1. Which one is modelled with the lowest pLDDT, of the residues in segment 57-98 that are touching a Lys or Arg at 6+ places or on another chain (Cβ under 6 Å) and either within 14 Å of K37 (Cβ to Cβ) or open to solvent by 70 Å² or more (accessible area, probe 1.4 Å) (or both)?
2. Restricting attention to segment 32-46, does a residue exist that is crowded, with 16+ Cβ neighbours inside 10 Å, at pLDDT below 70 and either among the basic types (K, R) or more than 13 Å from A95 (Cβ to Cβ) (or both)?
Amino acid sequence: MTKALHFALAFAAVCAGDSYQRSPCNAVHWTRVLEGKIIVEGRDAKPLDIESLFVREHDLPPNHRIIHAYDAEVTDHRPDRLTIYVDRENIFLNAFCM
């Protein structure tokens, strides 16, 4: 994902105001939980906790998708789905309901 696109998504979330705060997928909560964390696949990583550097994909809500920096952008929109953006090293960047 380009920096311009990342900025545009973040700007859109800020402009959405209260609707972003009351998101159906709880994006604000997950943004706080995942900030600075590395998302890993499988059950081999440590469980999700505040002190851990890693978060297992298994510990994320069932209705989620992860978009990597190198993935093509998708256009389907589901407001109840948590969409998580990560960089090339799977480090969390941002989360939105879409």
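1. H58
2. yes
The values are calculated or read from the model by the stated rules, or taken from the named source; none is laboratory data. As the structure is a computational prediction, the values presented were derived from the model and not from experiment. Neighbour counts are summed over all protein chains in view; Cβ atoms, including those assigned to glycine, are modelled from backbone coordinates with ideal geometry. What goes into the accessible areas is simple: the full protein's heavy atoms, side chains included, and nothing from ligands, DNA or RNA. Shrake-Rupley method; radii C 1.70, N 1.55, O 1.52, S 1.80 Å.
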